[in-house]
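Peer 1: One structure follows; several queries about it will come next.
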Number of protein chains: 2
Amino acid sequence: MSQTIGIGIMGLGTVGYGAATILQRNRDVLSIRTKCDLELVAVLEREKETAQKHLEEIGLSAGLVTDDIDAFLNTEGLDIVVEVIGGTTVAKTFIEKAIAKGKSIVTANKDLMAIHGKELLNAATEQGVDLRFEASVAGGIPIIDVLKTDLIGNHFDSIMGIVNGTTNYILTRMYHESIDFDDVLKEAQRLGYAESDPTADIGGWDAARKVAILASIAYNSRVTLDDVYVEGIDKITAEDIAAARKLGYVIKLLGIAKEDNGAIEARVHPVMIPTDHPLAAVNDTFNAVFVDGDVVGQTMFYGRGAGDLPTGSAIVGDICAVARDIVFGDLGQQGCTCYLNKAIKTQNDYVSKFFIRMQVEDSPGVLSSIAKIFGENGVSIASVVQERCKRGGAAAASLIVVTHKVQEGKFLKAKQQLESSEAVHGIDNIIRVEDEA
Amino acid sequence: MSQTIGIGIMGLGTVGYGAATILQRNRDVLSIRTKCDLELVAVLEREKETAQKHLEEIGLSAGLVTDDIDAFLNTEGLDIVVEVIGGTTVAKTFIEKAIAKGKSIVTANKDLMAIHGKELLNAATEQGVDLRFEASVAGGIPIIDVLKTDLIGNHFDSIMGIVNGTTNYILTRMYHESIDFDDVLKEAQRLGYAESDPTADIGGWDAARKVAILASIAYNSRVTLDDVYVEGIDKITAEDIAAARKLGYVIKLLGIAKEDNGAIEARVHPVMIPTDHPLAAVNDTFNAVFVDGDVVGQTMFYGRGAGDLPTGSAIVGDICAVARDIVFGDLGQQGCTCYLNKAIKTQNDYVSKFFIRMQVEDSPGVLSSIAKIFGENGVSIASVVQERCKRGGAAAASLIVVTHKVQEGKFLKAKQQLESSEAVHGIDNIIRVEDEA
């Protein structure tokens with residue numbers, strides 16, 4: 001007789017329903033592979049009736065649903081609690097209650113893990129239970145487990161991820177069809193790829209939570225949301241994308257984590273990458289995480305970053321890992337992996353190449369005065385493209401400068417001086433460039 | 001005090017040296033992450049002096065080296081044996097001896113696992129030790145662990161891998177520079193990307209071993225090298241690649257595993273895939289495995305498939321997993337995962353689209369007679385391109401036909417009839433096409 005492991009799901013929204021569907025639909029492979037019987041024993045959901053209907057649709061009993069957290073946690077045979085409520089308030093309280101009751105946790109909650117990860121992982125360790133969160137970053141892509149186990153022998157030079165499907169969809173459409181940001185956003189909202197309030201995605205905040213989690217794992221030191229520098233894609237124009245294309249780049253919203261001299265940097269912002277970079281081919285709502293390890297070299301992990309079944313796949317993977325720990329008596333062994341306490345770099349210390357597109361006066365000496373500003377601030381220029389353009393009556397030119405690698409603090413000083421220079425009518429956009437192998 | 005885990009390496013060639021280097025160089029992260037002290041305690045190598053020199057180069061004691069298997073296995077504190085001798089004779093005997101002595105095994109040996117995997121895994125289970133082999137497929141890409149654990153909730157619709165760096169390098173050069181096969185092969189040999197006897201790579205046999213291993217894991221049923229259908233890349237010409245390009249395809253040597261109605265197919269051959277397929281961007285000596293799971297959807301895992309450090313990264317990942325099992329008392333729990341006994345499909349039952357390039361007589365009625373042969377055998381034509389060409393004196397044409405999906409048995413009958421048809425001067429090449437999302 002195989003051991004029965006009882007699963008409870010808190011929140012039967014899209015992802016919770018996906019996880020329930022997989023447990024039911026793929027019961028055959030799960031029981032063969034885990035040698036356990038993974039049984040859904042309870043569902044916690046405020047909207048009871050809808051949840052009951054959904055369960056019946058996939059052949060499960062409506063009787064599993066309760067809207068009472070205590071009744072849920074007291075369900076007989078409950079071993080593993082899947083938290084897919086989302087947010088940082090109710091979800092946190094309920095997870096804490098479940099841990100206190102000796103239940104292991106599987107969560108998809110990036111908001112919670114990016115802010116309260118340490119606290120919750122420590123609580124789990126104290127209670128001798130597991131807390132796993134593979135689904136919180138990049139949906140079906142098993143990046144957390146890969147960093148923690150398979151690539152354990154590596155110092156990570158950098159991690160660069162396309163970890164937000166909405167923004168990647170928008171940037172892909174803008175690149176392939178030369179459409180403006182606002183128009184693509186509207187269509188993305190119509191298709192359900194973007195929320196009606198898209199701030200969290202467009203502004204880079206969703207990606208920032210995932211970067212905080214990835215950086216914490218890769219560098220074994222806690223990085224929280226507050227430590228992440230964030231810029232969104234709302235200022236990217238069709239002109240930027242056209243300029244990028246001319247230079248052999250595409251623009252992606254990347255979450256970047258790096259370590260240098262024992263200090264971590266974690267940031268999210270638009271980046272120009274070469275068209276032959278593996279991340280450049282990651283299109284539409286797909287996600288991918290590009291990991292550069294000192295021994296494994298360049299690796300990339302690609303897949304669906306969201307959706308009921310892909311995210312459910314990660315949740316079920318975590319459920320099986322916890323089930324294994326239950327069977328082997330290993331619960332509570334893998335707690336928080338942030339064993340160190342590293343410094344966090346701030347913006348001025350980042351090192352990047354920069355693309356800067358500006359409108360300048362079209363007259364002799366202008367380029368030299370701009371070059372002088374860069375030079376005096378220690379910013380070395382890699383390439384310059386100047387094109388005449390008509391702006392109102394005055395002779396004007398569009399100037400694109402790409403710099404060599406430079407400390408961001410130095411670049412920002414140059415930028416300030418450019419803004420107050422008479423030769424510069426306006427800076428259209430500044431985008432970081434990552435083009436080194 | 002952290003627990004010391006003793007590692008022994010059998011064979012200090014490229015990969016063995018890579019693993020030793022990582023254990024030494026990245027000792028800091030390894031001890032932080034595993035909370036163990038992973039110590040190299042013995043090296044088995046016939047060429048003792050070279051091995052001693054190599055160990056000293058990375059700060060290890062020459063005294064670790066022995067050329068005697070019994071002395072090696074009797075080393076005090078030896079817990080984990082890394083086998084990187086290669087081949088199926090000595091390596092097998094030594095692994096069996098080590099298992100009998102109660103040592104856990106980490107191996108990079110695809111030849112051995114593709115033929116004797118079941119036997120060795122069962123021996124390990126009987127002795128209560130671990131046997132792990134992540135490094136045997138696609139070097140640093142953790143595809144075995146990902147299939148076994150993270151994607152455990154999936155039925156795998158298909159697995160398609162670029163798992164041989166040599167052939168991918170050759171095909172990449174042929175595509176980007178329109179060079180002939182023979183010339184690229186010679187250069188690959190000069191650069192060390194191809195062996196002086198390149199048969200195993202070029203002929204698809206190296207990839208076939210990896211496909212046997214991946215199929216066994218994905219479908220929980222043993223697939224051995226003999227079960228794999230194999231075609232190499234030696235017949236691919238610059239003309240094929242030019243024709244593929246015109247049709248929007250690139251040609252890759254793919255290892256493919258599929259399951260249909262409880263029967264497994266495992267094959268290696270050149271395939272035309274669309275230029276926007278994620279595998280199409282996998283160039284040079286890089287490897288990638290594209291996994292289509294029923295719940296996770298399309299995922300891809302990309303990285304270096306060979307080399308001392310990438311392969312060493314996988315070995316060290318396995319060492320740490322075994323170390324965890326030692327610390328937690330879980331040794332010998334994960335044995336052979338081939339719990340089922342599924343049928344293996346043979347060539348006639350495969351279903352593919354086909355590209356066929358042939359020389360035909362340039363006269364009225366020829367196309368119709370060729371189309372008739374296809375039609376009578378149940379092969380439906382998707383597209384036809386006919387071009388005039390000069391071949392000797394007679395009027396001749398080059399005809400390219402791409403079929404719809406068809407059972408390979410039917411296609412082969414049509415091919416046979418084409419070969420004996422007077423209208424067909426010769427069939428230049430036949431290449432399978434995979435272009436469905």
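The values are calculated or read from the model by the stated rules, or taken from the named source; none is laboratory data. Note that the coordinates shown come from a computational prediction; the quantities given were computed from them, not determined experimentally. Glycine gets a Cβ as well: all are built from the backbone with ideal geometry, and neighbour counts include every protein chain shown. The area values use the complete protein model at the heavy-atom level, side chains included, leaving out ligands, DNA and RNA. Shrake-Rupley method; radii C 1.70, N 1.55, O 1.52, S 1.80 Å.
Peer 1: When you check A:Ile143 against the structure, is it without any contact (Cβ under 8 Å) to a residue 60 or more places away in the chain, within 14 Å of chain B (Cβ to nearest Cβ) and either crowded, with 19+ Cβ neighbours inside 10 Å or in contact with a Ser or Thr (Cβ under 8 Å, 6 or more places away or on another chain) (or both), yes or no?
Peer 2: Numbers: without any contact (Cβ under 8 Å) to a residue 60 or more places away in the chain: no; within 14 Å of chain B (Cβ to nearest Cβ): yes; either crowded, with 19+ Cβ neighbours inside 10 Å or in contact with a Ser or Thr (Cβ under 8 Å, 6 or more places away or on another chain) (or both): yes.
So A:Ile143 fails the test.
Peer 1: Another question about this same structure. Select, from A:Ala62, A:Ala98, A:Ala51, A:Ala42, the only residue that is free of Cβ contacts under 8 Å to residues at least 24 places away in the same chain, open to solvent by less than 60 Å² (accessible area, probe 1.4 Å) and not β-branched (Val, Ile, Thr). Outline the logic, then answer.
Peer 2: Details: A:Ala98 fails: free of Cβ contacts under 8 Å to residues at least 24 places away in the same chain; A:Ala51 fails: free of Cβ contacts under 8 Å to residues at least 24 places away in the same chain; A:Ala42 fails: free of Cβ contacts under 8 Å to residues at least 24 places away in the same chain.
None of the others qualify; the one that does is A:Ala62.
Peer 1: Looking at A:Asp201, A:Asp182, which is the one that is under 17 Å from A:Lys235 (Cα atoms) and more than 15 Å from the chain's Cα centre (by Cα)?
Peer 2: Working: A:Asp201 fails: more than 15 Å from the chain's Cα centre (by Cα).
After applying the criteria, what remains is A:Asp182.
Peer 1: Can you name the residue in the stretch B:8-18 that is closer than 20 Å to B:Gly307 by Cβ and in a strand (DSSP E or B) and, of all such residues, is nearest to the other protein chains (Cβ to nearest Cβ)? Write out each step before concluding.
Peer 2: The initial filter retains those residues of the stretch B:8-18 that are closer than 20 Å to B:Gly307 by Cβ, namely B:9-18.
Narrowing the set further to residues that are in a strand (DSSP E or B) leaves B:9-10.
Details: B:Ile9: 14, B:Met10: 19 Å.
For the stretch B:8-18, the residue satisfying everything is B:Ile9.
Peer 1: Given the residues A:Lys148, A:Lys118, which is the only one that is surrounded by fewer than 24 Cβ atoms within 10 Å (Cβ to Cβ) and within 11 Å of chain B (Cβ to nearest Cβ)? Full working, then the answer.
Peer 2: Values: A:Lys118 fails: within 11 Å of chain B (Cβ to nearest Cβ).
Result: A:Lys148 is the single residue among A:Lys148, A:Lys118 that is surrounded by fewer than 24 Cβ atoms within 10 Å (Cβ to Cβ) and within 11 Å of chain B (Cβ to nearest Cβ).
Peer 1: Quick one: would you say B:Asp79 is surrounded by fewer than 20 Cβ atoms within 10 Å (Cβ to Cβ) and either free of Cβ contacts under 8 Å to residues at least 24 places away in the same chain or more than 14 Å from chain A (Cβ to nearest Cβ) (or both)? Spell out how you get there, then give the answer.
Peer 2: On the way: surrounded by fewer than 20 Cβ atoms within 10 Å (Cβ to Cβ): no; either free of Cβ contacts under 8 Å to residues at least 24 places away in the same chain or more than 14 Å from chain A (Cβ to nearest Cβ) (or both): yes.
Judged against the criteria, B:Asp79 is not a match.
Peer 1: From the residues in the stretch B:170-198 that are in contact (Cβ under 8 Å) with a residue 24 or more places away in the chain and of a type in the set (S, T, N, Q), which one is most open to solvent (accessible area, probe 1.4 Å)?
Peer 2: B:Ser178
Peer 1: If you check A:Ile400 against the conditions, is it at pLDDT 90 or above and under 20 Å from A:Gly248 (Cβ atoms)? Walk me through how you get there before you give the answer.
Peer 2: Numbers: at pLDDT 90 or above: yes; under 20 Å from A:Gly248 (Cβ atoms): yes.
Yes, satisfied.
Peer 1: Name the strands (runs of 3 or more DSSP E) wholly inside the stretch A:72-191 in which the number of residues that are farther than 25 Å from A:Lys258 by Cβ is 1 or more. Talk me through it step by step, then tell me what you get.
Peer 2: Numbers: elements: A:78-83, A:104-107, A:156-162.
Once the strands (runs of 3 or more DSSP E) in the stretch A:72-191 are filtered for at least 1 residues that are farther than 25 Å from A:Lys258 by Cβ, what remains is A:78-83, A:104-107.
Peer 1: Inside the stretch A:283-314, can you point out the residues that are of a type in the set (Val, Ile, Thr), touching a strand residue (DSSP E or B) at 6+ places or on another chain (Cβ under 8 Å) and facing another protein chain (nearest Cβ under 8 Å)?
Peer 2: Answer for the stretch A:283-314, where residues must be of a type in the set (Val, Ile, Thr), touching a strand residue (DSSP E or B) at 6+ places or on another chain (Cβ under 8 Å) and facing another protein chain (nearest Cβ under 8 Å): A:Val296, A:Thr299.
Peer 1: Something else now. Across the stretch B:298-321, which residue is farthest from B:Gly255 (Cα to Cα) among those that are open to solvent by 20 Å² or more (accessible area, probe 1.4 Å) and not basic (Lys, Arg)? Break it down stepwise before answering.
Peer 2: Step one: list which residues in the stretch B:298-321 are open to solvent by 20 Å² or more (accessible area, probe 1.4 Å), which gives B:298, B:304, B:306-309, B:321.
Among the residues that remain, those that are also not basic (Lys, Arg) are: B:298, B:306-309, B:321.
Working: B:Gln298: 16, B:Ala306: 16, B:Gly307: 20, B:Asp308: 23, B:Leu309: 24, B:Ala321: 27 Å.
Among those that are open to solvent by 20 Å² or more (accessible area, probe 1.4 Å) and not basic (Lys, Arg), it is B:Ala321.
Peer 1: How about the stretch A:325-341: which of its residues are open to solvent by 30 Å² or more (accessible area, probe 1.4 Å), of a type outside the set (Phe, Trp, Tyr) and closer than 19 Å to B:Thr34 by Cα? Step through it out loud before you land on a result.
Peer 2: Just the residues of the stretch A:325-341 that are open to solvent by 30 Å² or more (accessible area, probe 1.4 Å), to begin with: A:326-329, A:331, A:333-334, A:339-341.
Filter once more, keeping what is of a type outside the set (Phe, Trp, Tyr): A:326-327, A:329, A:331, A:333-334, A:340-341.
If the condition is that a residue be open to solvent by 30 Å² or more (accessible area, probe 1.4 Å), of a type outside the set (Phe, Trp, Tyr) and closer than 19 Å to B:Thr34 by Cα, then A:Gly329, A:Leu331, A:Gln333, A:Gln334, A:Leu340, A:Asn341 are the ones that fit.
Peer 1: Which count do you get for residues in the stretch A:8-39 that are open to solvent by less than 10 Å² (accessible area, probe 1.4 Å) and among the polar types (S, T, N, Q)?
Peer 2: 1
Peer 1: Continuing with this model, one more query. Would you check which residues across the stretch A:19-58 are facing chain B (nearest Cβ under 8 Å), outside any helix (DSSP H, G or I) and touching a strand residue (DSSP E or B) at 6+ places or on another chain (Cβ under 8 Å) and list them?
Peer 2: None; the set is empty.
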